[in-house]
Structure formats: C-alpha cells, structure tokens
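Accompanying notes for the structure given below.
The values are calculated or read from the model by the stated rules, or taken from the named source; none is laboratory data. What you see is a predicted model; the values in this text were computed from it and never measured. Cβ placement follows ideal geometry from the backbone for every residue including glycine, while neighbour counts extend to all protein chains displayed. Please note that ligands, DNA and RNA were not included when accessible areas were found on the heavy atoms of the full protein model with its side chains. Shrake-Rupley method; radii C 1.70, N 1.55, O 1.52, S 1.80 Å.
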Amino acid sequence: DFAIEAEGLIKTYPATKTAPEMRALKGVDLKIPRGSIFGLLGPNGAGKSTFINILAGLCRKTSGTVRIWGRDIDERPRDARAAIGVVPQEIAADPFFTPKESLDVQAGMYGVPPNERRTAELLAALGLSDKAQAYVRQLSGGMKRRLMVAKAMVHNPPVLILDEPTAGVDVELRRQLWSYVLELNRKGVTIVLTTHYLEEAQELCDQIAIISRGQVVANEPTTTLLSRL
Ligand code: ADP
Ligand code: ADP
C-alpha cells in the first residue's frame, strides 16, 4: 500500500492575456511508499508546487488519478484530504491569534473534538511552549514556520507534506525542522517534501524522485541515486 499514488497526472494552466497555456505536469506517475521520507527534487519551475497543490486541494488537476492513503481525491475528497497535513511554502499564520488559538482554530476546521486536541504537546514538540500566549505577529520568522508545521499536524494525519521547508531558512532552524521531521517519521508518519537542494534530500530522504519540466525523470532509493551522480 502507498501513501500517495499518482497515475498519468496532467496539469495545464490555461493561457492568459500575457502568457500561453502552460503544461506544468505532463503525465506524472508516482507511488510514495507508506512510512518513507520521500523527496521531490527538481529545479524551480519543474512542477513540484503544482503537484503538492493538487494533493492539498489548492489546485485542480486537468486529468489523471490521485489517491491519498488509498482514497481517490475525486471520489472521496474529504477522506483523502484528512490523511494529509500540508506545510505551504509561504508563511500564512494568523497575526492576531496566539499560537494556541491558531492551533485550536485549525483543529476546529478539521473537526477534531476539544478532548482529542494535542495543542500543548504540539507546541512543546516545536519549541513554542514559551510563546503560547504571545501574538503570532510577535514571533520570529522561524517560530512562525514551526507554527505552520504544528498547524499541519493538528488532525494527526498519517502523511505530512512540506513544500520547500527550508527555503530561506537559517542553519539553526533548518536543523530544528529536520530533527522534528525525522522524529515524526520515527513515530510512523510518512513525510513528503519538495526541495531544490540535493543536500537536503540526501540528508533526510530514503527515496528521491527527480522532477524536471513536469515529468518524473528518476525515482530511486537515495543511496542508489547518489551512487550514479
Ligand atoms: P516548482 O514548484 O517546481 O518551482 P511550479 O509547480 O511552481 O514549479 O511551476 C511549474 C510551472 O507552472 C512553472 O512554469 C510555473 O511558472 C507554472 N505555474 C505555476 N503556477 C501557475 C499558475 N497559477 N498559473 C500559470 N502557471 C503557473
Ligand atoms: P515555486 O518556488 O513553487 O516555483 P513560485 O514563486 O513559482 O513558487 O509560485 C508562487 C505562486 O505563484 C504559486 O501559487 C504559483 O501557483 C503561482 N505562480 C507561479 N508561476 C505562475 C505563473 N506563471 N502564472 C501565475 N501564477 C504563477
């Protein structure tokens, strides 16, 4: 069984007044094993965010099939989405909430009953306990990023997806995020991350797919991929 399965996935952005039609995904076939830390590696413009946005329900595919934790995103969209937590590239934390409120609102959106919420545990895991009562607008960029990860995990999904988790992030925070990701994976969470840093994929991932111009051009265990480079 797979965490994510894409078959023949195509995404075409329609033409605009200023730009022609853009085929961002040209028939992607990808199976991401449960329990893995899977890296989607590729240059800017390759289609990584488009792929993630389709999984997250932020972007409609043109054709092809996608299953998340065995649930087809067309047939069972709610169940499919409930199986993933997504950390988007850009920080979008609510400035006038506290981190605790932010997590409570997110849990509410996912229908997690109050007695099953793990707000304190999540804040602690991400080193935010001290700031639970501060306004999000007062947090550093690094703390906001960590809050984004906590928000993605409120409903305890089996899969966590991170879009360029460490783009523009300093070394210290990068290490913190990596260690949290590794810890989650040890607890059984499947991790999917996009990156354009080979080093990051090498450090974290046990399998890497390389995506280039909307196509998967390699998909192998990290060790065999690296031995060929
Ligand atoms: P990556 O995440 O690998 O950098 P993207 O998925 O963001 O790649 O982009 C893939 C291609 O699709 C790029 O050529 C990009 O300009 C184009 N693209 C992405 N989003 C849109 C959009 N909303 N409308 C039109 N073109 C888009
Ligand atoms: P990435 O690093 O993932 O390529 P981008 O800066 O390309 O990020 O994209 C940021 C946002 O802009 C995304 O929501 C993407 O869908 C949108 N976008 C990217 N390229 C285009 C484009 N050519 N036309 C319209 N929107 C785009």
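Would you say Ala19 is open to solvent by less than 60 Å² (accessible area, probe 1.4 Å), touching a Leu at 6+ places or on another chain (Cβ under 9 Å) and without any contact (Cβ under 8 Å) to a residue 60 or more places away in the chain? Can you show your working first?
Working: open to solvent by less than 60 Å² (accessible area, probe 1.4 Å): yes; touching a Leu at 6+ places or on another chain (Cβ under 9 Å): no; without any contact (Cβ under 8 Å) to a residue 60 or more places away in the chain: yes.
Judged against the criteria, Ala19 is not a match.
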Single residue of the stretch 61-103 satisfying the filter (without any contact (Cβ under 8 Å) to a residue 12 or more places away in the chain, out of contact with any Ser or Thr (no Cβ under 8 Å at 6 or more places or on another chain) and more than 19 Å from Met153 (Cα to Cα)) that is most open to solvent (accessible area, probe 1.4 Å): Glu75
As an exercise: evaluate Thr50 against (1) within 15 Å of ligand 2 (Cβ to nearest atom); (2) surrounded by fewer than 20 Cβ atoms within 10 Å (Cβ to Cβ); (3) among the polar types (S, T, N, Q); (4) at pLDDT 95 or above and give the number of the one condition it does not meet. (2)
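Sort out for me the helices (runs of 4 or more DSSP H) sitting completely within the stretch 139-213 that have 1 or more residues that are open to solvent by less than 20 Å² (accessible area, probe 1.4 Å) and within 16 Å of ligand 2 (Cβ to nearest atom). It would help to see each step written out before you state the result.
Numbers: elements: 141-152, 171-186, 198-204.
In the stretch 139-213, the matching helices (runs of 4 or more DSSP H) lie at 141-152, 198-204.
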In the stretch 31-47, what residues are open to solvent by less than 40 Å² (accessible area, probe 1.4 Å), within 16 Å of ligand 2 (Cβ to nearest atom) and out of contact with any Leu (no Cβ under 9 Å at 6 or more places or on another chain)? Gly42
With respect to Val28, is the statement that it is under 23 Å from Tyr110 (Cβ atoms), of a type in the set (Val, Ile, Thr) and assigned to a strand (DSSP E or B) true? no
Need pairs with beta-carbon distance below 8 Å; first residue under 11 Å from Val159 (Cα atoms) and within the stretch 181-197, second in a strand (DSSP E or B) and acidic (Asp, Glu); sequence gap 6+ or separate chains. Leu193/Asp163
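Give the number of residues within the stretch 41-76 that are of a type in the set (A, V, I, L, M, F, W, C) and more than 8 Å from ligand 1 (Cβ to nearest atom). Steps first, please.
From the stretch 41-76, those of a type in the set (A, V, I, L, M, F, W, C) are 41, 46, 51-52, 54-56, 58-59, 66, 68-69, 73; that's our starting set.
Filter once more, keeping what is more than 8 Å from ligand 1 (Cβ to nearest atom): 41, 54-56, 58, 66, 68-69, 73.
Of the residues in that region, 9 qualify.
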